[in-house]
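The values are calculated or read from the model by the stated rules, or taken from the named source; none is laboratory data. Predicted, not measured: the structure shown is a model, and the values here were computed from it. Every residue, glycine among them, receives a Cβ derived from its backbone with ideal geometry; neighbour counts consider all protein chains shown.
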Amino acid sequence: MKAKTKATQDQMTPVSALKELVEGNKRFVEKKQLNRDLMQQVAETSTGQYPFATVLSCIDSRVSSELIFDQGIGDIFSVRIAGNFVNEDILGSMEFACKLAGTKLILVLGHTACGAVKGACDHARLGNLTALINKIEPAVAAVKEPAEESMRNSSNPTFVNDVAAMNVKMTIEAIRAQSQVLREMEDAGTIHIVGGMYDISTGTVTFN
């Protein structure tokens, strides 16, 4: 399996880029990963990189985008931060990835049982983590059910996962609102911006 080239990147569309991730996750779940010589791909990408997608995901050790989407060296830009939200630096990285490096898709990927989301549900406060938690807490407030306060914390896995899904949705909205570059590219059909949730118990990604 050879690394992506400028020619293969140019041939891809936002639709085919999403299809590549969907099919890669299916291979991962079914244990049918493609056979890759990663050191060969290291050599092939030493003079340039031509990824087809940019994935914003959590730092969670169980959610490695390259693994769960069965991708190799040089295939995707992987942006990782606890709680998979955006700030100025991450938006700048995404703008580079799409406008200058040619990726056709942005995927915002949340996951079940997310520790950062649990912290937001519990309104945790700890050093620099406090500022990070504050950025996720709007998603907690946006999930209206259950209304009973005793059920709106990390002990309720359904609530946690609902907040994680809402956080993905709100992150996509933030990308469109805060990046004119990416919004214009999406409006022109050059890229798609989509969301997904990874189930840490099954390995499956559900796209939306």
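Before moving on, here are some points about what is shown:
- Count of the range 143-197 residues, restricted to those that are under 18 Å from the mean Cα position of the chain (by Cα), among the basic types (K, R) and farther than 14 Å from L56 by Cα, is 2.
- Residue in the range 158-167 that is hydroxyl-bearing (S, T, Y) and under 30 Å from T13 (Cβ atoms) present: no
- Residues within the range 160-208 that are within 20 Å of N87 (Cβ to Cβ) and touching a His at 6+ places or on another chain (Cβ under 9 Å), tallied: 2
- Test: residue in the range 30-39 that is surrounded by fewer than 14 Cβ atoms within 10 Å (Cβ to Cβ), out of contact with any Gly (no Cβ under 8 Å at 6 or more places or on another chain) and in a helix (DSSP H, G or I): yes
- Where T190 falls short, out of the listed (1) part of a helix (DSSP H, G or I); (2) touching a residue at least 60 places away in the same chain (Cβ under 8 Å): (1)
- Looking at A3, A43, A97, just one residue is farther than 23 Å from G195 by Cβ, small (G, A, S) and either modelled with pLDDT under 95 or under 15 Å from the mean Cα position of the chain (by Cα) (or both), and that residue is A3.
- Screening the candidates L109, L105 for the property of being at pLDDT 95 or above, surrounded by 15 or more Cβ atoms within 10 Å (Cβ to Cβ), in contact with a Pro (Cβ under 7 Å, 6 or more places away or on another chain) and of a type outside the set (D, E) yields one hit, L105.
- Meets criteria (at pLDDT 95 or above and in contact with a Phe, Trp or Tyr (Cβ under 9 Å, 6 or more places away or on another chain)) for M151: yes
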